[in-house]
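Colleague: My questions all concern the structure below.
Just so it is clear, none of the values below were taken in a lab; they were calculated from the coordinates. On a predicted model such as this, the values are computed, not experimentally measured, just so you know. So basically every Cβ, Gly included, is an ideal-geometry build from the backbone, and we count neighbours across all protein chains shown.
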Amino acid sequence: MTAIKTATGTLVFEPIPGAELARIRGASADEAGNALAPLADAPVGSPLRCCLREVRAGERILLIAYTPPGTAGAYAERGPVFIHADACGGYPTPWAYPPELSHRQQVVRAYDHEGRIATGVLVDDGDHATEAIRELLGQPDVALVQLRNVGFGCYNFTVRRA
């Protein structure tokens, strides 16, 4: 897959940073203080925020509370996300839309430089999301976008200009 270019440059698709995940795993608690406990029957097909792919059968998964970067004040939403219970390789192609998540309907939410929601767009799949991301990050008042699941509103990943 090739890098996605916009009028403002290349885009970077960001999972939860590995160092932050290492800190959470090392503390044995998420940012809300919930004790970490691997799920015995993780829902196959759920999005993993550590490597931006879907859960596969038999994987050890954690459900943690997480506040995505780039938001502030009342817009700093904490919510549930799935990650691998043990460190994984992370997302290997940060310049490309995550292929295993491209079939999902998403909300592409833009945030300004103060961490406030600027706008949001409902998209059918990764191709439409990429188009919306390019358009939104082409606006000078938009600092980053986040993609969220439609049904539950959970955070998936952040996209920024490189």
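Colleague: Between helix 126-137 and the chain, what is the angle of the helix's C-alpha long axis to the longest principal axis, kept within 0 to 90° and rounded to the nearest 10?
Modeller: Orientation of helix 126-137: about 60 degrees from the principal axis.
Colleague: Which of rounded, prolate or oblate describes the chain when judged by the alpha-carbon gyration tensor and an a/c cut-off of 1.5? Could the numbers behind the result be given before it?
Modeller: On the way: a/c = 1.83, a/b = 1.46, b/c = 1.25.
Verdict is prolate for the chain.
Colleague: Can you give the relative contact order of the stretch 122-162 as a percent, counting alpha carbon pairs under 8 Å and 6+ residues apart? Mind showing how you got there, number by number?
Modeller: On the way: 34 pairs, mean separation 11.6, N = 41.
Once divided by the residue count of the stretch 122-162, the mean separation gives 28 percent.
Colleague: Further question: Based only on other Cβ atoms within 10 Å, what is the fewest-to-most ordering of Leu62, Leu48? Working shown, then result.
Modeller: Details: Leu62 22, Leu48 26.
Least crowded to most crowded, the residues run Leu62, Leu48.
Colleague: Here's another thing I want to ask about it. Using only Cα atoms, tell me the angle between helix 18-27 and the longest principal axis of the chain; keep it within 0 to 90° and round to the nearest 10.
Modeller: 30 degrees
Colleague: Longest segment of the chain with no GluC sites (Glu not before Pro) in a DSSP loop having at most 14 other Cβ atoms within 10 Å?
Modeller: On the way: sites that count: Glu31, Glu114.
Result, exposed sites excluded: 32-113.
Colleague: While we're on this one: Provide the per-residue ³J(HN,Hα) series for the stretch 150-156, in order, calculated from phi with Karplus coefficients 6.51, -1.76, 1.60 and θ = phi - 60°, each as a whole number of Hz, with x at glycine and proline positions.
Modeller: Each residue of the stretch 150-156 in turn: 6, x, 9, x, 5, 5, 10 Hz.
Colleague: List the trypsin sites (Lys or Arg not before Pro) within the stretch 23-96 that DSSP assigns to loop and that have no more than 16 neighbouring Cβ atoms inside 10 Å.
Modeller: On the way: sites: Arg23, Arg25, Arg49, Arg53, Arg56, Arg60, Arg78; in loops: Arg49, Arg56, Arg60, Arg78.
Taking the stretch 23-96 and a limit of 16 other Cβ atoms within 10 Å, the loop trypsin sites (Lys or Arg not before Pro) found are Arg56, Arg60, Arg78.
Colleague: Just flag the chymotrypsin sites (Phe, Trp or Tyr not before Pro) in the stretch 96-162 sitting in loop per DSSP whose Cβ has no more than 13 other Cβ atoms within 10 Å.
Modeller: Phe152
Colleague: What relative contact order, as a whole-number percentage, does the stretch 1-138 give when Cα pairs under 8 Å and 6 or more residues apart are counted? Numbers along the way, then the final one.
Modeller: Details: 238 pairs, mean separation 33.2, N = 138.
So the answer I get is 24 percent.
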